[in-house]
Amino acid sequence: MTATAKAPAEPADERLLHTSLLRRLMGRPELGAVVGAVAVFVFFSFAADSFLQVSSLSTVLYAASTIGIMAVPVALLMIGGEFDLSTGVMVTSSALVSSMFSYQMTANVWVGVGMSLLVTLAIGFFNGFMLVRTKLPSFIITLGTFLMLTGLNLGFTKLISGGVGTKTIGDMEGFDSARAVFASRFVVGDADVRVTVLWWLGLVALATWILLRTRAGNWIFASGGGANAARAVGVPVDRTKIGLYMGVAFAAWVAGQHLLFEYDSVQSGEGVGNEFLYIIAAVIGGCLMTGGYGSAIGSAVGALIFGMTSKGIVYAQWDPDWFKFFLGAMLLLATLLNAWVRKRAEATK
């Protein structure tokens, strides 16, 4: 009489397995950035006596928000596997169009704001359309856009305004209401909060909802993880990438309007080099250069690290020339920490 062999036990469904809090945290792309943000905060709390003052923290938040507004859509674009090197000058282009259209047409400034939105979205559509039609790397496409916008900003400003800056529009109809939307401030307790912080937090919440709760979020991760495989399962990769570039353009419009209504006029040469700050914030926040991984919250933490570092050096009364050194060091350390966290997370699955 032969014994009946027992059938091997079926593996448990991974969805039913209990996942510890530590393992879930290790799997979050922004974990390394959060650790870095805490370290930077503690460091400057001891290095600069005035860093913990309410007014100082308000200034830090403002500096973080001006970078964070752009870092959020840049992070989504990087998750989708692409870059945009035109973001810095696109912000300036948005402000220039709004200012010059309002001034030259002697119209309500809201007309210029609306025209600026259309033009800026068209630039984003151009970047995405050229990418999907030519199949050239996004580095080349957006580098070309960067150079074209840099020339257009200066050329058109000189042609229309006769100088390198726009005329002031502070006395035009609608200016006060537009400033309230894009460049106002309000008091919360003892803190002087800028409206850009609300724009920033709103964009972070919207982007996080898109990534984690919508079909479009799945498309973004799939497009960045492998465009050909995503197309094979029906993901509209081309439309997704064009939409991501237009999302970047929308944020550039918001940042550009803040620039205009904060200072009344705009210098045509501004914005060059800021595109690297947006990318750095996204990378520090956990986005991979290869795409398919990252989060909007991480980009916000990366922008916060930028704000704390840029203002912390000032409050510590150090030479501000050291800022770029610290920024580069943080980029390397955050990237190494993110890579280590990701490997540990994959090893524990």
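Please treat every number below as a calculation from the coordinates, not as lab data. Source: prediction; values computed, not measured. Ideal geometry is used to build each Cβ from the backbone, glycine not excepted, and the neighbour counts take in all protein chains shown.
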Practice prompt. Subtract the Cα-Cα distance of R185 and K343 from 0.36 nm times their separation in residues, and report this length gain in nm to one decimal.
Written response: 52.6 nm
Practice prompt. Note down the nm distance, to one decimal, between modelled labels 7 Å out along Cα→Cβ at L159 and at A229.
Written response: 4.8 nm
Worksheet item: Using 7 Å Cα-to-Cβ label points, what is the W318/V35 separation (nm, one decimal)?
Response: 2.1 nm
Worksheet entry | Under 17 Å from the N108 label point (7 Å along Cα→beta-carbon), backbone N, region 168-206 | 170-182
Item to complete: Describe numerically, in nm with one decimal, the distance between label points set 7 Å from Cα along Cα→Cβ at E173 and at M289.
Response: 5.3 nm
Worksheet, complete the sentence: Over all Cα pairs of region 119-207, the Kirkwood radius sets Rh, and Rg/Rh then becomes 1.10
Discussion item. Quick check on region 193-312: take the gyration tensor over C-alpha atoms, sort the square-rooted eigenvalues as a ≥ b ≥ c, and tell me if it's rounded (a/c under 1.5), prolate or oblate.
Written reply: prolate
Worksheet item: So what is the diffusion coefficient of region 73-149 in µm² per second by Stokes-Einstein at 37 °C and 0.692 mPa s, using a Kirkwood Rh over Cα pairs?
Response: 248 µm²/s
Worksheet, complete the sentence: Dividing the mean separation of Cα pairs under 8 Å (6+ apart) by the residue count of region 147-206 yields a relative contact order in percent of 15 percent
Worksheet item: What whole-number value in cubic angstrom gives the convex hull volume per residue for the C-alpha atoms of region 255-320?
Response: 132 Å³
Fill in: Helix-derived mean residue ellipticity, 222 nm - over the chain, DSSP H n ≥ 4, -39500 (n - 2.57), to 500
-23500 deg cm²/dmol
Practice prompt. Would you mind calculating the gained length between L332 and L147 on full extension (0.36 nm times residue separation, minus the Cα-Cα distance), in nm to one decimal?
Written response: 63.8 nm
Worksheet item: What ranking, highest mean first, results for peptides 148-158, 99-109, 287-297 when packing means the other Cβ atoms within 10 Å averaged over each residue?
Response: 287-297, 99-109, 148-158
Response to the item:
Taking 0.36 nm per residue of separation between T208 and Q53 and subtracting their Cα-Cα distance, the length gained on full extension comes to 52.8 nm
Item to complete: Net charge near G124: determine it from the other residues with C-beta under 13 Å of the C-beta of G124, scoring Lys and Arg +1 and Asp and Glu -1.
Response: -1
Item to complete: Run the numbers on region 247-301 and let me know its relative contact order in percent, using alpha-carbon pairs under 8 Å that are six or more apart.
Response: 22 percent
Worksheet item: For F43 and L201, FRET efficiency with R0 = 22 Å and r from the beta-carbon atoms, rounded to 0.05?
Response: 0.35
